[in-house]
Every structure is written in C-alpha cells, then in structure tokens.
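Values quoted throughout were computed directly from the atomic coordinates according to the rules given, and no laboratory measurement underlies them. Just so you know, these numbers come straight off a predicted model, no measurement behind them. Cβ coordinates were reconstructed from backbone atoms using ideal geometry, including for glycine residues, and neighbour counts include every protein chain displayed.
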Amino acid sequence: MDEHKNTLGMILLVVILLTFIIGGYFAMKYLTQEKKVENESSKPTEVKKDLRLDKSKDYIYYDNEEEVIASQEIEFKDVHFNLESMQEVNGRLKSEMDSIRKSIKYTKDVSDIPEDVETNEEGIYSLEFREYNDFFSPDYISLLVMDYTYDIVNGPNPTSIESYVVEKATGRRILGDELLKNYNLTMDEVKTKVQKRVSDTQTLDNDIDVEGTMNNFNIFALYINKLGDLEITFVVKSSAGNYNDSIVLND
C-alpha cells in the first residue's frame with residue numbers, strides 16, 4: 001500500500017513539474033514575443049505626388065546667369081518652373097527677360113551726363129533689371145518677380161511686382177483673391193497692415209511718403225513664404241528713392 005502511495009506521489013510530482021515547465025515556456029514566449037503596436041508611426045504615410053518634370057532639379061530653377069553691374073549686384077538670369085502646368089508662364093517670363101537683356105544703354109552713347117555722377121566699371125548708363133525670390137513651403141511654391149529701372153543718376157527704382165503661387169499637389173496657380181480667402185483676410189485688412197508698417201517705418205525715416213504710398217497702393221504682390229505664411233511685398237514711396245518692403249499678413 002505504501003509502495004502504491006509513493007508511486008502515485010511520484011506521478012503527481014512529475015505532472016506538476018511538467019505543468020510548470022510547459023506553462024513557463026509558453027508564458028515566456030508570450031512575454032518576449034514582439035507585439036504589433038497600432039500607433040501613428042506604424043500607419044502608412046501618405047506619399048505626395050511629385051509633379052516635377054525633371055526630378056534632378058528643384059521646383060524652380062535658374063540658368064543663363066550673367067553678372068551685369070557688379071557694384072549694384074545686378075545680374076540677368078532666366079527662371080523656370082519645373083512643372084508642366086507652368087510652361088506657358090515659363091515662356092512669358094523668358095520673353096520678358098529677353099526684352100530686359102536688350103535694355104542696356106552705355107555711357108559712351110549719352111552726351112549729357114552730369115560731371116559729379118559716379119559711373120560703373122561696366123560703362124552702363126541705364127537698364128532694366130529683374131530680381132527673383134523663391135519660397136518652398138510644404139504645400140506651395142511661390143516665385144516673387146520684382147522689376148526695376150536703373151540709371152547712374154537716380155539709381156534703382158522699383159517699377160512692378162508680380163507673384164506666382166502654385167499648389168504642389170496639383171500644379172494649379174493660386175491667385176490673390178483665393179490667397180486672401182484661404183487666410184481669412186480682406187484687401188482692406190491688408191491695406192491697414194501695410195499702412196501701419198509704413199507709418200511705423202516713417203518714425204525712422206522722415207523721407208517716406210505715407211499718404212502717397214497708400215493713395216497709389218497698386219504695386220504689390222501676395223505670396224506664401226517658406227513657413228507657410230501669407231506675405232506681401234509692396235513699393236514704398238520716398239523722396240530719397242522708392243523701394244520694396246515686405247510684411248507677413250497673418251501674424
């Protein structure tokens with residue numbers, strides 16, 4: 001009888017030990033198994049379509065660069081949108097730049113130059129020139145085009161400003177009215193902000209014509225800067241010479 005009890009005890013002990021061993025094995029396997037965590041990083045990210053025609057170039061690029069007047073940092077260059085939707089604009093910008101390149105007038109061809117005027121090493125009396133600023137925000141591409149006249153008597157003078165804002169996802173150009181609507185602004189609010197800027201600057205420069213600037217507020221351009229803010233560049237009238245200024249509008 002005692003022998004039978006000992007046998008049953010041994011069997012029970014083996015069963016208990018096997019239970020612990022097998023249970024422990026599966027418990028460790030469960031605890032050490034890598035769990036699938038559903039979080040933001042595991043979700044597939046949306047891949048935005050790249051509409052660039054030439055993937056080796058940026059959305060806006062330049063070529064045919066030529067230094068014209070070194071002392072004034074004036075140069076000529078062609079600008080290109082790397083998008084199918086903007087090819088017509090590229091053609092117009094190229095045509096305008098071709099005309100600007102032909103605008104140079106040399107001092108040797110001018111007879112009535114004042115004696116006290118400082119000339120330049122290139123011997124240029126006057127010309128038209130253009131400056132570009134480009135901005136790449138996450139959703140938009142903006143190009144700011146600023147035109148000037150220059151002569152050795154009066155220096156540079158801004159004549160026009162134009163902007164091109166393009167939606168990256170579609171290649172569609174966004175015009176001024178839509179930009180204002182997207183940022184919940186009206187033109188009257190824009191003028192108020194510009195007038196404050198000009199008036200605040202007037203305290204530092206008594207040559208600024210605040211009234212003249214606002215009465216003829218028609219040379220300006222709206223665009224989206226690299227931070228995604230709506231910005232405006234505009235001409236300030238001054239007795240010391242007109243110039244361009246810029247402010248962010250959605251502050």
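How large is the Rg to Rh ratio of segment 47-174 when both quantities use alpha carbon positions and Rh follows Kirkwood? Intermediate results must be reported in sequence, preceding the final value.
On the way: Rg = 17.7 Å, Rh = 16.4 Å.
Taking Rh as the inverse mean 1/r over Cα pairs, Rg/Rh reads 1.08.
Cross-link partners among aspartates and glutamates for Lys102, C-alpha distance below 12 Å, same-chain residues fewer than 8 apart left out? Once the sequence-local aspartates and glutamates are set aside, what remains near Lys102 is Glu128.
In what order do Lys168, Lys55 fall by count of nearby beta-carbon atoms within 10 Å, going from fewest to most? Please report the intermediate quantities before stating the final value.
Values: Lys168 19, Lys55 7.
If I rank by nearby Cβ atoms, fewest first, I get Lys55, Lys168.
Pairs of lysines in segment 168-251 whose Cα atoms sit within less than 20 Å of one another amount to 8, provided the residues are eight or more positions apart or on different chains.
Enter the mean projected area of the convex hull around the alpha-carbon atoms of segment 122-251, in nm², rounded to one decimal.
Details: hull surface 36.4 nm².
Quarter of the Cα hull surface area: 9.1 nm².
Between Lys48 and Ala240, the simple label model (points 7 Å from Cα in the Cβ direction) yields a spacing of 4.1 nm. Taking one quarter of the surface of the convex hull spanned by the alpha-carbon atoms of segment 183-251 gives a direction-averaged projected area of 4.7 nm².
May I ask you to sort Lys57, Lys237 by Cβ crowding, counting other Cβ atoms within 10 Å and putting the fewest first?
Details: Lys57 13, Lys237 20.
Lowest to highest Cβ neighbour count: Lys57, Lys237.
Rounded to the nearest 20, the size of the Cβ-charge dipole of segment 205-245 about its Cα centre is 180 debye, with Lys and Arg at +1 and Asp and Glu at -1.
Bridging of Lys48 to aspartates and glutamates at a Cα separation below 19 Å is possible for Glu40, Asp58, Glu84, Asp139, Glu167, once same-chain residues fewer than 8 apart are set aside.
Which of Leu143, Leu180, Leu175 comes first, and how do the rest follow, when ranked by fewest Cβ neighbours within 10 Å?
Details: Leu143 22, Leu180 17, Leu175 12.
Going from least to most buried by this count: Leu175, Leu180, Leu143.
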